[in-house]
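Taking it in order: structure first as structure tokens, then the write-up.
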Amino acid sequence: MTLTSAQAELLSGVLGFLFTVALLSYLIGDNPLYRLALHAFVGVAVGYATLVILYQVLRPRLMTPLLSGDPRATVLATVPLILFIFLILKISPRTAALGNISVAYLIGVGAAVAAGGALTGTLLPQVRTTWLSLWPEASGTFLNNLVIVVGTVTTLLAFQFWLQGRTAGGEVGRVALMRLLAGIGQGFLVLTLGVIYGGMILSGIAVFSERLSMLFGLIIGFIR
Amino acid sequence: MKYIIPAAIAIGVGLVTLVTYFFEGADILNLRLVLTNWAVILGGLAVLVGVLNLLLVHARRVQSQARGWVYSLVTIAAALFMILVGSGEGLRSGISPLYEETSVTRVLFSGVVVASQAALASLVMFFLVLAAMRMMRSRPNLWSVGFLAAVLITLIGWMPFGFMSTVNRIRDWLISVPASAGARGIILGVALGTLTVGIRVLTGVERPYKD
Amino acid sequence: MSGSLTNLLGLLIVLAGVLLLIVFTFLARRGFRPPLRPLSGYEAFPRQVGQAVESGGRVHVSLGPNGIIGEDTATTIAGLTVLETITRASVISDRQPVATTGDATALPVVSDTVRRVYRDSELPKAYDPKAIRLVALDPVALAGGATSIIADEDVRANVIVGSFGPEVALMAEAGERLRIPQTIGSDRLEGQAAAFAMADHALIGEEIFVARAYLTEEPAAWASLASQDVLRWFVILIIVIGVILKTLGLSG
Amino acid sequence: MTTPPDGENYEERKPADQPTGPEPLDPLDALRAQFSDEAPEEGRERKSSVPPTAPLQDPEPDFTIGPEDEARKSGASGDLPDWLAETMGASQPAGAGPEEAGRGDLPDWLAGAQPVPASPEQPASSDRPDWLRAADAPPEQPGDVSDDVPDWLRGVMGPSPPPAGPEKAASQEPTPEPERAGEDLPDWFREVQESGPPADTTAPAPPPEPVSDADTPDWLKDIQEVKAEEEAAPSAPAQPGAAPAEEVPDWLQDMFPTGEPAPPETPPPTPEPAAPPGQEDADWVSALGLDVPETPQPPPIPEAPLPEITPPEPAGASFPTGGEELPDWMQAMETAPTEGPPAAPQEGGEGDLLGLDEIFATQPVKPRTEESKPEEGEIEAGELPDWLRGLQPGAEEPAPMVDIPVEEPSPELREQIEDLRFESILSEEAKAEEERKETVGALRDVTGVIQPELIFEGESLSADERVDRIIVTDEQAARIAMIKELLAKEASTSPEAVEGPALALPLGRWLTAVVLLVAIALPVVLGELILPDPPAPPELVAAYQQIDTLPPASVVLVAFEYEPDTAGELQPLALALLDHLGQREELSLYTISTRPTGPAMAERALSEADLAAGGIQVTNLGYLAGGANGIRELAIGSPPFSASPLAFDYTGNATQLTSTRLADLRPDLIIVLAASSTDVRDWVEQAGRTTETPVLAATSAGAAPLAYPYRQSGQLVAVLSGINDAVAYRALSGFGFTAALLSIWNAQAFGGGAAAVLIVLGGIVYGFKARRERQEQD
């Protein structure tokens, strides 16, 4: 079934209007209109993601090498297929144990990617970007650098779980200095979360105003 | 005993993949790319099983007339319709219909998915404002006051009015210096946590693959 | 810092982590339990589960859009620990917690975790596969779909631990409308900011990764927490040394 | 997250003292979890004990929770008066003394009712925390005390029967000293409990101690008379160990369920002639566990002695009367002087404030002999607070129940005594009341009958009339007033001010939605534009320079890392940058995304951007699977025998590119349009660093803070964020503004302003409300 671009434009506009109004009705309260639109959206989104996986992952990375006729490519492409068969066995409890092999493979790779990525992708680069000179130069970077170094170190300290010291009252807890540093760290933490929270509201306002202008455009279009 | 093989696979594959992060060299890199590629393919295949499970769960809810079973029916219909139409168009035109201007798949994507995600993101904005308003009721302490002050400066500090130039500078400084320092501390902490959990899996201490 | 130096430092940190884990596991087996900073998120679990079980409702545990093949695998494993603990505590009631996820690779691991708890408690028949839901395949659809699950399934407590962004506000609002207690944790800054404002108990930053140490008595979990703290000091030390060298102009 | 320095929400928990090992579970939690059958109202949390797994060491409060949280969600203790809630729900960690238990405003006599601390030698438990194992324990035994009876009353009715079966005992850890049943009771009530019929006798009851008549207030004396009447009536064959059901009056029966099967149907008891006065007191008193002194009257008709009631003690429990470490109020009591005339001086005793002891002591104190020593588990007179000591049945020295002539007091005291005598206080009307005879029921023809519910039926208990006829010292009057206030508070406790159920209209939410809707719609619908041209901050200039200085035929990769939910904010940024790129000559522009809907966003932006000029070549590479791994594959190369991401475009057509990775393609610039902070990190770390390519980030307003660390380290050449930078960039590069962009930009100003006002108003309203509630609590 092929549509003309005008038909496509009209249909997607009408659908967009209906789904936007139905989902925004959740502001008033949970209602059947919202539920219908939500479940339809979930269904279409699942379908769309499946199509993307089919066209953009399985086809180029699995089908193409399998059908390429190159034996090495075919062998390499069959390994994930075998693992997939083990994964399917997990559906029934009796054969679920066999499926552990596939899950173990995924978790092994996932854990390594997570640990390696965290280390080389975040930990080391961020540590390196925190090596800032605190030499009191003329320009204002000294103050900024000082705030960044102090902020980073104290925020890290604020998350310390293990309490070694004893407070004045003799109970186990953070010693005074650690409590001060952790308090400063929490100040930085709250400030960071506040800035991000404000940014998220601004993003939401921009998206909502774009939706409003689309709805308004459609209504004007219908009226004219 | 039962988990020796899965544990061996997880630890073996994991250590090989991890080592390639620290050693250069084409062979090692290729080994890692093959392992991660298999994981991506297996992940893609898992989506097919997952979608099947999703449809079966909704079907069972319809069958048992559980509460809200009508909506489950709508989800099943929408998903099947999208998959069938998308596959059909793809087989017929030979190319991916996902981005074809006039394909039904593209119409459903921009009419349903784009509009719904934007509408839900707008709802998120309303709920964030509501939550910030209620914050002094649920957590009336100094931290909340500091948090709300940062939210207010971010919300209005960007407006390019002349009289607000100092506020603009304060806001830009807040975002680029203290907030980025705090963000750095948080993501360093998250990286440490991720690293220790990863080490637990790779040393066999944590075995989420047990069933 | 050149690539090879970075790689070497990275390898050093991994080896230090493994060594610390082994040493602290050895100590933990001998009863070593470091005094811990209280986390209200984990303290609230007994009360939340107790209230849900006693009032005939159930707990909703969401593991988020993260899976088990990418950089968010550790977050998924932390979520599995929370799910296991809550399922173990709810096993005496006939209302199994409803677990939602947004990634197909996480689905088998989530259902295995819940089934294992019921099997360990000699109640294999009580396990309900329908309570494990792959809701959608993207974060916003997952959050939207979860709002109707929270409203329909007698949910009396919301526990959300995953790689959530701003969309977690949808699930938090659905819980707020039912006035149920909510614990929200995320490894992403946006999710943490929303959790800080909307949740009764927020798990900020790396707090989601120490779930096993706070919720169980396992020596390995305590060892992992202790080694995480020691690595923290190791990172702080590297930063301070780097700053000093940079200030004195001795480093590039 | 924890530790606000202001300590306002300070929920102090005493950390464990032992340096190693976690603080063991407070035994009450295990017991309460198993036997507690109190179902809180729906939607409320009960204030629960501290879970054992996290020894709460740091006394710092957690600022992510607030009192309102606890009250709003827990709500459990909101309905009950504090002393009841404390008694029923809160337990305090082992070892905490009364001050640290946070019961600041409870009277001493209640603060003393502390649960017994857990024994420290708790063996190392299995891998699961106690609250979980307690959740595994089999459901509570049938026949336990009904749900809604408060603890202090339950203590009167006796504890639930000991767990059945060896396996239950085995499955539980060796219970350390559980809370002694009845300990939470106010002492004046325990004294009545001790005199009631036994609910469950496990151990031989010690002989109760006689009560001195002078010290017994009238209302107790009348109970004794009523009891005596009961005793006088003919009794069914007494079952060993339990008062016969018929003889025990209904109101007592409700209070003391015998637990045994109902006795066989017996003919209704025929009214018995009233037993002689002394005799009535004796039996009733013994029935209530009070010692009956030898009275000169002839011995009562021999009947099966009513078993005394002693507070039932769970196996192994022992009340710390010996050398064990006592709570402060009890230690203070150890040294308090006993009643009665000045006997051998007891060291450290504080006499009655008004020195009335000497006057009221009417019976020379009998030296305490071995047998009369209070048995283990009985509260000695010395242990009671002063004001209750007079009511204590087991006073140190048993005072007879009959009036014994007072010794000749010194002259100036006689007037004091005259003032305090009953007759001078009693009004005429009270005397008439004294004469009233009971006309119905088993107590017919008995004068001065106290309505039973006066004592036991809490709700309707109104002690007003009774109290006037008792000699009351100022201190006792104050305490009586306090009791009345407690009862009034209990009767009048209004359910905690919980917002209306979900049905109540969410007006707050609607009002907020309308205000924001109107504010955001103004510029969109009415075209209301208020913002002047935006200035160009240095960050913006750096980004502009980066693109403006691109050499001809350069290669640029644009990563579309956003989805439709943030398209409203990032699409304008994308268009601003694409329009500027469109002016570069022979530019090769590639777009890619690691998100499934990214390629569609790219397609949409490319179709709206002005790219016709300069012979630009655009290729949408589509979806890159694998997240950060996928980016690394793109940057340094794909796995063998697998197509490179650069080989095919988003529709599956070949791209004619020879290079298989970015390192070969050598792009001049990578632009990342990132909705989330992780996307910036992934592209900078996996692509920017490995291929030494400058990266420009255009993020949403929420993701900006995380982009700046990379900006400061030079890994990012510039950071743009939000609609404001998009408009500023267009102004700087001389491109025109579309109407949609202007309306979105002004809407962000109106909406941001409205949101700020709403947040400030909400903060003020709720802030003052919270402060007022806190002041009321203080």
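Here, each number is a calculation from the coordinates, and none is a lab measurement. This one's a predicted model, so the numbers in the text were calculated from it and none came from an experiment. FYI the Cβ positions are ideal-geometry reconstructions off the backbone, even for glycines, and counts take in every protein chain you see.
Kindly list the residues of the range D:684-728 that lie in the label zone of A:Glu137, defined by a backbone N under 14 Å from the point 7 Å along the Cα-to-C-beta vector.
Backbone N within reach: D:712-714.
Taking a virtual spin label 7 Å from the Cα of D:Leu742 along the C-beta vector, which residues in the range D:506-545 bring their backbone nitrogen under 13 Å of it?
The answer is D:523-534, whose backbone nitrogens lie closer than 13 Å to the label point.
Would you mind pulling out the separation of the Cα centroids of the range D:563-617 and the range C:183-210, in Å?
Between the Cα centre of the range D:563-617 and that of the range C:183-210, the gap is 34 Å.
When a/c reaches 1.5 or more, the comparison of a/b and b/c decides; with that in mind, is the range D:711-778 rounded, prolate or oblate per its Cα gyration tensor?
Oblate shape, in that a/c is at least 1.5 and b/c is the bigger or equal ratio.
Can you bin the range B:1-49 into rounded, prolate or oblate? Criterion: square roots of the alpha carbon gyration tensor eigenvalues sorted a ≥ b ≥ c, rounded for a/c under 1.5, prolate for a/b above b/c, oblate for the rest.
Taking the square roots of the gyration eigenvalues as a ≥ b ≥ c, the range B:1-49 is oblate.
Could you tell me the relative contact order of chain A? Use alpha-carbon pairs under 8 Å, at least six residues apart, and round to a whole percent.
10
Rounded to the nearest 0.05, what FRET efficiency do B:Asp27 and D:Ala553 have when you use their Cβ-Cβ distance and R0 = 41 Å?
The computed FRET efficiency comes out at 0.70.
Taking only C-alpha pairs under 8 Å that are 6+ residues apart, what is the relative contact order of the range A:135-224 in percent?
Normalised by residue count, the contact order of the range A:135-224 is 22 percent.
Show me the GluC sites (Glu not before Pro) within the range D:595-700 that DSSP assigns to loop and that have at most 14 other Cβ atoms within 10 Å of their Cβ.
D:Glu692
How many nm separate the modelled label positions at B:Ala59 and A:Arg224, each set 7 Å beyond the Cα in the direction of the Cβ?
Output for this residue pair reads 4.9 nm.
Which of C:Leu237, C:Leu20, C:Leu170 moves the most in a Gaussian network model of chain C with Cα springs under 10 Å?
C:Leu237
Would you please give the FRET efficiency between D:Gln617 and D:Val541, computed as 1/(1 + (r/R0)^6) with r the Cβ-Cβ distance and R0 = 22 Å, to the nearest 0.05?
0.20
Quick check: from the Cα gyration tensor, does the range C:40-215 come out rounded (a/c under 1.5), prolate or oblate?
Judged from the Cα gyration tensor, the range C:40-215 comes out rounded (a/c under 1.5).
Fewest to most neighbouring Cβ within 10 Å: what's the order for B:Arg169, B:Arg200?
Lowest to highest Cβ neighbour count: B:Arg169, B:Arg200.
Cut-off 10 angstrom, C-alpha nodes, Gaussian network model of chain B. Which of B:Leu195, B:Leu142, B:Leu80 fluctuates the most?
Highest fluctuation of the listed residues: B:Leu142.
What ranking of A:Trp131, B:Trp69 emerges when the number of other C-beta atoms within 10 Å of each C-beta is taken as an exposure proxy, fewest first?
Going from least to most buried by this count: B:Trp69, A:Trp131.
Arranged by the count of other C-beta atoms within 10 angstrom, fewest first, what order do A:Phe208, B:Phe161 take?
Sorted ascending by nearby Cβ count, the order is B:Phe161, A:Phe208.
Once you keep just the Cα pairs under 8 angstrom separated by 6 or more residues, what percentage relative contact order results for the range B:1-128?
So the answer I get is 10 percent.
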